[in-house]
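The values are calculated or read from the model by the stated rules, or taken from the named source; none is laboratory data. Computed from a predicted structure; not experimentally measured. Every residue, glycine among them, receives a Cβ derived from its backbone with ideal geometry; neighbour counts consider all protein chains shown.
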Amino acid sequence: MCTGATTSAADRSHSASFFGNHLFQLEVKRSASTHFVSCFFGPAQLHHRAITLTQDEIRTALSHTDLEQMWQRDLRPLLVTRYPGSAGSQAVQEHIKTALGSLGAGWDVAEDTFVSQTPYGPLPFTNLIATLNPSAKRRLVLACHYDSKYYPPQWHGREFQGATDSAVPCAMMLELARSLDEELKAHKNFSSNLTLQLLFFDGEEALFQWTAADSLYGSRHLAQKMEATAHPLGATDTNQLHGIDLFVLLDLIGAADPRFGNQFPSTTPWLSRLQSIEKRLHSMNQLVEHPNSVQYFWPNHHVGHVMDDHIPFLNRGVRVLHLIPSPFPSVWHTFDDNEQNLDRSTIQNLNKILQVFVLEYLSARPAVPSDPQSAP
């Protein structure tokens with residue numbers, strides 16, 4: 001990702017002069033297309049109301065999430081050099097597909113494979129698209145990028161893990177799918193209108209220097225493809241982008257005490273809901289090492305735009321909730337972005353908050369045991 005013109009100089013080491021103009025044009029486009037956006041989304045998407053789980057339902061849902069299992073099962077396999085076209089990239093793809101394929105909910109996992117020209121010549125890229133119920137009209141989308149930044153070995157001779165950038169978000173999404181498997185399976189069988197989709201992008205990082213052409217390879221390709229793909233199947237005037245209720249992008253997650261500010265007023269209510277869930281879980285003693293002074297979500301704190309995988313979707317009218325800390329973690333794009341510098345408590349807490357958010361958005365209530373105290 002690359003920060004926009006309103007962020008600090010320390011966070012702009014890969015900026016280029018065109019970004020300021022690009023963001024200005026984007027704001028003009030968004031202001032001029034208010035009517036288009038209001039028509040783009042149906043009433044169910046624009047006015048969607050989430051449920052609020054009871055404390056017993058929350059405890060039941062969160063009883064299945066396990067940080068240590070996530071760490072061993074999903075995070076460590078992702079902490080490898082995985083730039084596009086590498087052996088590590090292929091291994092990570094296989095891991096994601098195997099992890100989702102083993103679940104009872106029956107995810108439909110598709111590959112979006114293409115070749116793009118890069119500063120190092122043509123390279124293969126693969127996006128992974130996991131959809132709980134492909135026939136559902138509307139989708140809540142969680143997204144991250146699984147590629148790691150490329151550092152030529154002759155320059156550094158070290159391995160870049162990209163732990164916060166973005167192995168942890170990928171592992172969090174896999175843990176969510178695993179820990180909520182029963183709830184998501186029940187929701188899939190119960191609801192034919194709204195579903196969950198997980199996007200794992202390849203090629204978010206610039207391979208040489210961030211430009212419009214050398215960045216966001218996977219998201220640019222997939223956004224264009226989804227725009228050209230009819231949805232529901234056989235439709236003549238709506239496409240897969242029309243089906244996205246909310247696009248939630250996770251990036252640079254895993255360092256201690258993140259602060260998620262507000263980039264987009266249109267999705268302030270959903271950032272506020274995350275803040276509410278954080279407060280509710282705190283009051284239930286579900287969060288660890290989370291004193292009263294700690295707050296992750298700041299819907300009233302407006303921050304500058306960041307160039308990231310949401311941009312190709314935002315440009316096409318999709319509503320975006322960008323969960324990226326401001327400021328960035330201090331280890332961003334350094335070789336210290338590794339497992340040793342991750343904060344386990346923060347990751348565990350964010351896992352729980354995100355899992356409750358997804359269940360409440362989908363109106364998926366966990367089945368509470370007859371004796372809630374006997375829940376595992």
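Whenever a residue of the stretch 325-336 is under 19 Å from H305 (Cα atoms) and modelled with pLDDT of 95 or more, its partners that are among the hydroxyl-bearing types (S, T, Y) and surrounded by fewer than 14 Cβ atoms within 10 Å (Cβ to Cβ), lying with C-beta atoms within less than 7 angstrom and at least six residues away or across chains, give the pairs P327/S8.
Conditions (1) among the hydrophobic types (A, V, I, L, M, F, W, C); (2) closer than 28 Å to A255 by Cβ; (3) more than 19 Å from the chain's Cα centre (by Cα), marked per residue:
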position	(1), (2), (3)
G101	no, no, yes
L123	yes, no, yes
Y151	no, yes, yes
D165	no, yes, no
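Filtering the stretch 294-324 to residues that are modelled with pLDDT under 95 and either more than 20 Å from the chain's Cα centre (by Cα) or surrounded by fewer than 20 Cβ atoms within 10 Å (Cβ to Cβ) (or both) leaves only G304. Yes or no: S374 modelled with pLDDT under 95, out of contact with any Phe, Trp or Tyr (no Cβ under 9 Å at 6 or more places or on another chain) and within 21 Å of D66 (Cα to Cα)? Against the criterion (modelled with pLDDT under 95, out of contact with any Phe, Trp or Tyr (no Cβ under 9 Å at 6 or more places or on another chain) and within 21 Å of D66 (Cα to Cα)), S374 qualifies. Condition test on F260, is it among the hydrophobic types (A, V, I, L, M, F, W, C), touching a residue at least 60 places away in the same chain (Cβ under 8 Å) and touching a Gly at 6+ places or on another chain (Cβ under 8 Å)? No. On the stretch given as the stretch 152-162, residues that are touching a residue at least 40 places away in the same chain (Cβ under 8 Å) and assigned to a loop (DSSP other than H, G, I, E, B) total 5.
Of the residues T267, T229, the single one that is at pLDDT 95 or above, within 30 Å of A213 (Cα to Cα), among the polar types (S, T, N, Q) and within 17 Å of the chain's Cα centre (by Cα) is T267. Of all the criteria given as (1) touching a Phe, Trp or Tyr at 6+ places or on another chain (Cβ under 9 Å); (2) within 24 Å of L75 (Cβ to Cβ), the one not satisfied by E182 is (1).
Quick grid of which residues meet (1) closer than 26 Å to C2 by Cβ; (2) within 21 Å of the chain's Cα centre (by Cα); (3) small (G, A, S); (4) assigned to a strand (DSSP E or B):
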position	(1), (2), (3), (4)
L274	yes, yes, no, no
I277	no, yes, no, no
H282	no, no, no, no
V288	no, no, no, no
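Residues in the stretch 293-330 that are touching a helix residue (DSSP H, G or I) at 6+ places or on another chain (Cβ under 6 Å) and of a type in the set (D, E, K, R): D309, R316, R319.
Which members of the stretch 266-281 meet the condition of being surrounded by fewer than 19 Cβ atoms within 10 Å (Cβ to Cβ) and either touching a His at 6+ places or on another chain (Cβ under 8 Å) or closer than 23 Å to N292 by Cβ (or both)? Across the stretch 266-281, the qualifying residues are S272, Q275, S276, K279, R280.
One residue stands out among those in the stretch 211-233 that are among the hydrophobic types (A, V, I, L, M, F, W, C) and surrounded by fewer than 20 Cβ atoms within 10 Å (Cβ to Cβ): the one that is nearest to M307 (Cα to Cα), which is A212.
Screening Y150, Y83, Y146, Y120 for residues that are among the hydroxyl-bearing types (S, T, Y) and either under 23 Å from I347 (Cα atoms) or touching a strand residue (DSSP E or B) at 6+ places or on another chain (Cβ under 7 Å) (or both) leaves exactly one candidate, Y146.
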